[in-house]
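Working notes, beginning with the structure itself.
The values are calculated or read from the model by the stated rules, or taken from the named source; none is laboratory data. Everything numeric here is computed off the predicted structure, so don't read it as measured data. When we count neighbours, we look across all protein chains shown, and the Cβ atoms used for this are built from the backbone with ideal geometry, even at glycine.
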Amino acid sequence: MANPQKEEGYTQIANEILDALARYGHFGSEEWRVLLFIIRKTYGYHKKWDTISYSQIAKGTGLKRQNAHRAFKKLSSKRITLRLENGLMFNKNYEDWVVSKRMTPLKTDESVIKNDPVVIQSDGKSVIQSDEYKRKKENNKRKKNLKITPLTDTGKKTNQALENIRKMNPWLNK
């Protein structure tokens, strides 16, 4: 039976970092394993960075070396981990992370919509808007430009609309 004890070693990590990981840490399982390993090898030994090879990550996480490398590259592209000249490190400055936004951040900008990629900067407002946002914006402009007359403007228009519907759908006449 496992019986971990704090006296046998522990990793100190700021609650603010854990909160940021909980809020923005939508990673795959391999990415999580690599991230936790890097945090353990750096913060666990009271270091900001450490010389860690991909083979060492693979051995520590149980991943294949190429999968460990791919997961690290994904984390690096999001600026969560950084590759230094002679080592790797966890980027504790979560305001620099490029993350996929699935939850509303603490500070929001009106242009933020669900599932858009976002870059959170120190002012808490800067956002990278995705193509989906642009498409929705264009569709809204098109809808505004369409001039649709409501069917209920006058009784005459309503009756005419109903007749047209009945002509197109004869089974409604029964």
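Descriptive notes on the structure:
- Screening the range 1-43 for residues that are among the β-branched types (Val, Ile, Thr) and in contact (Cβ under 8 Å) with a residue 40 or more places away in the chain and picking the one that is farthest from ARG70 (Cα to Cα) gives ILE17.
- Within the range 1-36, if we keep just the residues that are in contact with a Phe, Trp or Tyr (Cβ under 6 Å, 6 or more places away or on another chain) and not in a helix (DSSP H, G or I), the residue that is farthest from SER53 (Cα to Cα) turns out to be ILE13.
- Any chance LYS78 is surrounded by 12 or more Cβ atoms within 10 Å (Cβ to Cβ), within 21 Å of the chain's Cα centre (by Cα) and either modelled with pLDDT of 90 or more or at negative phi (or both): yes
- Number of the exception - ILE128 against (1) at pLDDT 60 or above; (2) in contact with a strand residue (DSSP E or B) (Cβ under 6 Å, 6 or more places away or on another chain): (1)
- Qualifying positions in the range 44-76 - touching a residue at least 40 places away in the same chain (Cβ under 8 Å) and part of a loop (DSSP other than H, G, I, E, B): LYS48
- Index of the failed condition, MET89 passing every other in (1) at pLDDT below 95; (2) assigned to a loop (DSSP other than H, G, I, E, B); (3) under 24 Å from the mean Cα position of the chain (by Cα): (2)
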